[in-house]
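The values are calculated or read from the model by the stated rules, or taken from the named source; none is laboratory data. These numbers come from a predicted model, not from an experiment. Note that we place each Cβ from the backbone using ideal geometry, even for glycine, and neighbour counts take in every protein chain shown. With ligands, DNA and RNA removed, areas are computed over all heavy atoms of the protein, side chains included. Shrake-Rupley method; radii C 1.70, N 1.55, O 1.52, S 1.80 Å.
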Amino acid sequence: MASGGSGCTATAGAAALLSLVFLWLLQASAGAGAGADCHFPAVFNFGDSNSDTGGLSAAFGAAPPPNGRTFFGMPAGRYCDGRLVIDFIAENLGIPYLSAYLNSVGSNFSQGANFATAGSTISRQNTSLFLSGFSPISLDVQSWEFEQFINRSQFVYNNKGGIYRELLPKAEYFSQALYTFDIGQNDITAGYFANMTTDQVIASIPELMERLTSIIKNVHELGGRNFWIHSTGPIGCLPYALIHRPDIAAVKDKVGCSVTYNKVAQLFNQRLKETVARLRKTYPDAAFTYVDVYAAKYKLISQASKLGNACTMAYLCCVVSWRKLRLAFLSAGFDDALLTCCGHDAGPYNFDPKVGCGGKVLVKGKWVVLGKSCDDPSRRVSWDGVHFTEAANKFVFDQIVGGGLSDPPVPLRQACRSKGQ
């Protein structure tokens, strides 16, 4: 549990605040200086539920409340209480939150589009969403959607004009945009959930890398030049994986995460990093950045209580006006990193695979919500046993945005600078 009442001294608190102010000022001066930022005019995202902003909700039924409660105040197509890492990426780049390609109402694609859908995989799933829980919109389908999007959007932009020029991207944006990929987690769990052995799951990784390479090649041929590719996270720390295959989860590390699941995830990431390196050599005209999201997520999970101490963790909210700089110093604490916020406490980790977040049961002719949210999602890492909370997503974003976990080590805003590195 977090030690929120640990009693930091005034001196320590003041020192922490001054350090944060100094860091903010350095970042501000750097951003206003050399002009090395890439100024991406758009973002096109491919992935699964870790970055889905409404794709699955548009196609197979909306994510129910209390999803979206923290930031949007209502369900917003995300399996989270608020924003995802891709939302923080959009904020950082100064573009609107990405509309899901499949969302036909109220979407604005002028600065990008999101092709990710929850449950998506790199490989094609020879089953249905209703039987397996995995989306039929695999990564190759997302790439076909992207190609269709280019063709249709440019035809409409050029031939119909009017309001469409405010809702669709300019032609040059496709070569200038940032292309983000966050996918692979479901390929590993799909194998295990189909009762594959660990050796069989590992044996499938080379084919996954071949498929990913082929799809990125297609995106490159369609004009993509700047790629920001996330590794998969520590799957063995997710309650749904721990419960679904208890045999695989039997051996745990000191944090309580499955050793086997995480070793496979790390092997996947090793092969992914090698794949990105090969792509960099094959396409020297493009920038490829591999981002070690695994390290950021495992740091949060393994050090949640430490990071939750008010002496070592804070949010710095800065509002600059003509006359003053206002600072708000707010403590942020995490408690049990494996305890689900939104779920049903019939099982361990406050997670019941039969009753998801927002899930209802029929009691005496009335629908009763069993999958309820905890009181304070900001103190939890896991939102629903599968996905992170907004607070956890923000922590992960803060870890990766500066480039310290990237190969090559370039910040997000300078991801176009990694060509030839």
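Below are the figures for this structure:
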{"quantity": "Number of positions in the range 238-277 that are open to solvent by less than 30 Å² (accessible area, probe 1.4 Å), more than 18 Å from Val293 (Cβ to Cβ) and among the aliphatic types (A, V, I, L, M)", "calculated": "3"}
{"quantity": "Residue within the range 62-76 that is surrounded by 22 or more Cβ atoms within 10 Å (Cβ to Cβ) and closer than 17 Å to Pro169 by Cβ present", "calculated": "no"}
{"quantity": "Selection within the range 124-136 - open to solvent by 60 Å² or more (accessible area, probe 1.4 Å) and under 14 Å from Asp48 (Cα atoms)", "calculated": "Arg124, Pro136"}
{"quantity": "Residue check for Phe155: over 27 Å from Phe60 (Cβ atoms), assigned to a helix (DSSP H, G or I) and either open to solvent by 70 Å² or more (accessible area, probe 1.4 Å) or among the acidic types (Asp, Glu) (or both)", "calculated": "yes"}
{"quantity": "Matching residues, the range 126-139, being of a type outside the set (A, V, I, L, M, F, W, C) and at pLDDT 90 or above", "calculated": "Ser135, Pro136, Ser138"}
{"quantity": "Count of the range 371-389 residues which are in a loop (DSSP other than H, G, I, E, B) and in contact with a helix residue (DSSP H, G or I) (Cβ under 9 Å, 6 or more places away or on another chain)", "calculated": "9"}
{"quantity": "Residue match in the range 278-291 (condition: modelled with pLDDT of 95 or more, open to solvent by 10 Å² or more (accessible area, probe 1.4 Å) and of a type in the set (Phe, Trp, Tyr))", "calculated": "yes"}
{"quantity": "Leading residue by the ranking (nearest to Phe134 (Cα to Cα)) among those in the range 182-196 that are open to solvent by less than 70 Å² (accessible area, probe 1.4 Å) and of a type in the set (S, T, N, Q)", "calculated": "Asn186"}
{"quantity": "Which numbered condition Tyr240 fails, given (1) part of a helix (DSSP H, G or I); (2) aromatic (Phe, Trp, Tyr); (3) under 28 Å from Val410 (Cβ atoms)", "calculated": "(3)"}
{"quantity": "Flag if Gly404 is under 24 Å from Tyr179 (Cα atoms) and at pLDDT below 95", "calculated": "no"}
{"quantity": "Filter result (more than 20 Å from Val219 (Cβ to Cβ) and either basic (Lys, Arg) or under 27 Å from the mean Cα position of the chain (by Cα) (or both)) within the range 153-177", "calculated": "Lys160, Arg165, Leu167"}
{"quantity": "Qualifying residue in the range 111-123 (condition: over 24 Å from Val293 (Cβ atoms), open to solvent by less than 70 Å² (accessible area, probe 1.4 Å) and modelled with pLDDT of 95 or more)", "calculated": "no"}
{"quantity": "Residues satisfying the stated conditions in the range 390-421, i.e. open to solvent by less than 60 Å² (accessible area, probe 1.4 Å) and outside any helix (DSSP H, G or I)", "calculated": "Val401, Gly402, Gly403, Leu405, Ser406, Asp407, Pro408, Val410, Pro411"}
{"quantity": "Every residue from the range 216-237 that is open to solvent by 10 Å² or more (accessible area, probe 1.4 Å) and part of a helix (DSSP H, G or I)", "calculated": "Lys217, Asn218, His220, Glu221"}
{"quantity": "So Asn50, is it among the polar types (S, T, N, Q) and open to solvent by 50 Å² or more (accessible area, probe 1.4 Å)", "calculated": "no"}
{"quantity": "Matching residues in the range 345-367 - criterion: being open to solvent by 40 Å² or more (accessible area, probe 1.4 Å), touching a strand residue (DSSP E or B) at 6+ places or on another chain (Cβ under 7 Å) and assigned to a loop (DSSP other than H, G, I, E, B)", "calculated": "Ala346"}
